[in-house]
Amino acid sequence: MQNIYNNTNHVTFIIGGSLGLSDAVKAKTKLRLSFGRMTLPHQLMRVVLSEQIYRSFMINQGGTYHK
């Protein structure tokens, strides 16, 4: 994540369905991020992803983050 934070001005997150993503989509990615093998509803995954992005920015900026 630090490499993306420093070297990229555009990041796109794609949340796959319960069967994952197509090979065509996977082939276009530079980095894949997995939250595990469990299947979450899209609304919940959006919250989890948003929280992790917020957490990474806080940590990278030297801020405190509740554990």
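Within the range 22-37, residues that are more than 18 Å from His10 (Cα to Cα) sit with their Cβ atoms under 9 Å from residues that are surrounded by 10 or more Cβ atoms within 10 Å (Cβ to Cβ), at 6+ positions apart or across chains, in these pairs: Ser22/Gly16; Phe35/Met45; Phe35/Val48; Phe35/Leu49; Phe35/Gln52. Close contacts from the range 45-62, counting a first residue that is more than 12 Å from Phe35 (Cα to Cα) and a second that is loosely packed, with under 13 Cβ neighbours inside 10 Å, with Cβ to Cβ under 6 Å and a gap of 6+ residues or different chains, come to Arg55/Tyr65; Met58/Tyr65; Ile59/Tyr65; Asn60/Tyr5. Within the range 1-28, restricting attention to residues that are within 10 Å of the chain's Cα centre (by Cα) and modelled with pLDDT under 90, the residue that is surrounded by the most Cβ atoms within 10 Å (Cβ to Cβ) is Met1. When residues in the range 29-64 are screened for being surrounded by 11 or more Cβ atoms within 10 Å (Cβ to Cβ), part of a loop (DSSP other than H, G, I, E, B) and not aliphatic (A, V, I, L, M), 3 of them pass.
The values are calculated or read from the model by the stated rules, or taken from the named source; none is laboratory data. On a predicted model such as this, the values are computed, not experimentally measured, just so you know. Cβ sites come from the backbone with ideal geometry, for glycine too, and all protein chains shown count toward neighbours.
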